[in-house]
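The values are calculated or read from the model by the stated rules, or taken from the named source; none is laboratory data. All values reported here derive from a predicted model rather than from experimental measurement. Here the Cβ is made from the backbone with ideal geometry for all residues, glycine too, and neighbour counts use every protein chain on show. Side chains are part of the model used for accessible areas, which takes the heavy atoms of the whole protein and leaves out ligands, DNA and RNA. Shrake-Rupley method; radii C 1.70, N 1.55, O 1.52, S 1.80 Å.
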Amino acid sequence: MYGGKTRKGIYITERDGMAVVKLDSGYNIGVDPVSCAFSGHLPEIPAKKPDVPQKKDLPGLSIVSTGGTIASRIDYRTGSVTSQFDAADILTAIPELANVANYRTIPLATILSENMTPLIWQELARAICEEIKRGVDGVIITHGTDTMAYSAAAISFMIDSPVPIVFVGSQRSADRPSSDNAMNAVCAARAATSDLGEVAIVMHATTSDDTCAIHRGTRVRKMHSSRRDAFRSIGIDPLGSVAYPSGEVSLEEHAVRRGCRKAGIHDKLEEHCGLLQFYPGMSPDLLEAYEGCKGLVIAGTGLGHVSTTLIPSVRGLVEDGTLVVMTTQCMQGRVCDRVYDTGRDLLAAGVIEGGDMLPEVALVKIMWVLGNERDPERAGSLMQADLKGECTRRSTHGL
Ligand code: GLU
């Protein structure tokens, strides 16, 4: 019995005290074994994980696991998806990975990415740096998709790397028929052994299982809550693509190449920063709540505006030593506060224009800049400089 109905299916295994049954639709459900009538034999459950063979002539990659759907399965007691696998489990579950490289696995966390913190970004940066020092050919980070772009931006600022650092996740867990975990992981491994030399996110490019896109870590956003092709490069073209199943990697001219940057780490962050989305009618009290913050990014309207009623509070923050950076809520284009009087008043109040940086990238960057530079003028100039491809000189025209 399940959901008040009698259903027939194939018993697969026991998990969490529930019988896992595959229905004709392909979906697995967890059923209380007491309410099951079994006919025929139960399949044997393999007890031992298969070993992943090491092949001499393949490149060496490290997989640092942090959690997310790519490391998840359904908890059959509750029906919810929980993040439980580490990098070694992922490797065992996706045998195709063994054709691409030899791997070291580093289990850093098993969290859903809404629980990610700047402290874990720092641990992640140190773990990646260790792997680069060991001389691996590339590093893969398995990560929840929800905040993957924040982490990719954080690692972009904290680490200089001569080898690819590739973030990958999946929108659907391994035990779902339409899971994207295996294809994304294999494409990530291909990108991590390619000529790429920067931090990137590799995820499904289309609704089919034929291509993954390679996105720059500072110019990418999750644009859909559930589609497998949820990630898009914003304001620039993707850095390249990985064809599946051939594994052929094509890199565009603007992708930084392997070996172009020397290994380095600057892992200090100033956490006492905020990101505020302006909306019509916003009360100045909300801005005042940021008093004492070291940095504040505002996602303003259009060319980078807030209402005239907020400007005295913005000025107050700047006078008290908060670095205030204006970005735009528009997905494309850049801030220009010299056009309208509200913009000019914001500039006079001491606001820094954030160019075409995505607001969430500007937040991560302000944490990094203020963690490494205490001089307000130099910190302001760094916010406007293009450090890791986060600011473009010319935006693409597309929407
Ligand atoms: N909310 C979870 C996370 O970001 C699951 C989403 C996912 O991994 O796709 O970790």
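Some points to look at:
- Within the stretch 170-179, being within 16 Å of the ligand (Cβ to nearest atom) and out of contact with any helix residue (DSSP H, G or I) (no Cβ under 9 Å at 6 or more places or on another chain) holds for Asp175, Arg176, Ser178.
- So Ile214, is it closer than 19 Å to Ser161 by Cβ and touching a strand residue (DSSP E or B) at 6+ places or on another chain (Cβ under 8 Å): yes
- Odd one out for Glu248 among (1) in contact with a Gly (Cβ under 8 Å, 6 or more places away or on another chain); (2) free of Cβ contacts under 8 Å to residues at least 60 places away in the same chain; (3) not aromatic (Phe, Trp, Tyr): (1)
- Scan of the stretch 334-364 for residues that are farther than 16 Å from Ala379 by Cα, in contact with a Leu (Cβ under 9 Å, 6 or more places away or on another chain) and surrounded by fewer than 17 Cβ atoms within 10 Å (Cβ to Cβ), ordered by number: Cys336, Arg338, Val339, Tyr340
- Residue count for the stretch 110-155, restricted to those that are more than 16 Å from the ligand (Cβ to nearest atom) and either open to solvent by 30 Å² or more (accessible area, probe 1.4 Å) or of a type in the set (Asp, Glu) (or both): 9
- Of all the criteria given as (1) outside any helix (DSSP H, G or I); (2) within 16 Å of the ligand (Cβ to nearest atom), the one not satisfied by Ile106 is (2).
- Residues of the stretch 156-169 classified as within 15 Å of the ligand (Cβ to nearest atom) and not β-branched (Val, Ile, Thr), total: 2
- Enumeration of residues in the stretch 56-82 that are at pLDDT below 75, open to solvent by 20 Å² or more (accessible area, probe 1.4 Å) and within 16 Å of the ligand (Cβ to nearest atom): Arg73, Thr78, Gly79, Ser80, Val81, Thr82
- Within the stretch 353-377, tally of residues that are closer than 23 Å to Ile236 by Cβ and over 21 Å from the mean Cα position of the chain (by Cα): 3
- Candidates are the residues of the stretch 365-385 that are within 28 Å of Pro164 (Cβ to Cβ) and free of Cβ contacts under 8 Å to residues at least 12 places away in the same chain; the one that is surrounded by the fewest Cβ atoms within 10 Å (Cβ to Cβ) is Ala385.
- Being crowded, with 21+ Cβ neighbours inside 10 Å, closer than 28 Å to Trp368 by Cα and not acidic (Asp, Glu) is not true of Ser233.
- Cβ-Cβ under 8 Å pairs, at least 6 apart or on other chains, the stretch 252-280 side over 27 Å from Pro238 (Cα atoms) and open to solvent by 90 Å² or more (accessible area, probe 1.4 Å), far side at pLDDT 95 or above and among the hydroxyl-bearing types (Ser, Thr, Tyr): Pro280/Ser307
- Candidate set: the stretch 284-312, residues that are more than 25 Å from the chain's Cα centre (by Cα) and aliphatic (A, V, I, L, M); chosen: the one nearest to Val335 (Cα to Cα): Leu303
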